[in-house]
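One structure is given below, encoded as structure tokens.
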Amino acid sequence: MRSGDIPFKFDLTDLLARARRQVGGRIGDVTLNLPFISIAVSPKDRERTVAREVVLRLRDRRVLSAWECCDGCIERALTSLMEIRKIIVDKEVELAELQDGPLFLLLDAMAAGIRQFMTFEELLKRDEDAPPHLCFGEFNRPPDVRQAYFDGLEILRGHLSRCLGQIALIAGMPMPTDGIVENYQGPWQLEAYQAPPQLPEPSED
């Protein structure tokens, strides 16, 4: 059961600033929509090829659409997320020479979402007497810890689905660009993201 709560917020401040510096301000044939900003890009052939591979490998992952009902489901979801993270890292290694490109940026956004969810997941296992976390501050355990997992996974799925939609756009695949997972489509859920401060002006290079 989903409560609709947002138990934590993604922080993409550094990534969005990087997007403005690296690819913002350029004339491109593809417009990518990220939380709070849009950027025009011209993907290289190598990026389009890898983007197709990423979408094909991840679009049917059960963790992106399954609804958990018990602790066993949660454990399987966490294992699957680690597998997705490995795929992302492997693809970033393939793109080592294109780290300033749009696909690497979107893969980083996916990796950041998973990493921040895992930090949140660690908080759920913290002792109640542990000191406040540097980023998340005070953390009061909800009456049902599983509900917190469910709600956290829910916003992570939306984040990953919309990232994959933008990757499908780079790939030129005929798929919904606002999210490739049916139940996680539509505009970015901005309330699930920390609003960035004033972003740097686009690079003129």
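The values are calculated or read from the model by the stated rules, or taken from the named source; none is laboratory data. All of these numbers come straight from a predicted model, not from anything done at the bench. Every residue, glycine as well, gets a Cβ built from its backbone with ideal geometry; the counts of neighbours run over all protein chains shown.
As for the stretch 59-78, it holds no residue that is exposed (fewer than 13 other Cβ atoms within 10 Å of the Cβ) and at pLDDT 85 or above. Taking the numbered list (1) among the polar types (S, T, N, Q); (2) at pLDDT 85 or above; (3) part of a loop (DSSP other than H, G, I, E, B) in turn, S3 passes all entries but (2). Each residue in the stretch 161-197 was checked for being touching a Gly at 6+ places or on another chain (Cβ under 6 Å) and either among the hydroxyl-bearing types (S, T, Y) or buried (at least 20 other Cβ atoms within 10 Å of the Cβ) (or both), and 7 of them qualify. If you go through the stretch 162-188 and keep only what is at pLDDT below 95 and among the polar types (S, T, N, Q), you end up with T177, N183, Q185.
When restricted to residues that are surrounded by fewer than 17 Cβ atoms within 10 Å (Cβ to Cβ) and outside any helix (DSSP H, G or I), the stretch 31-58 contains 8.
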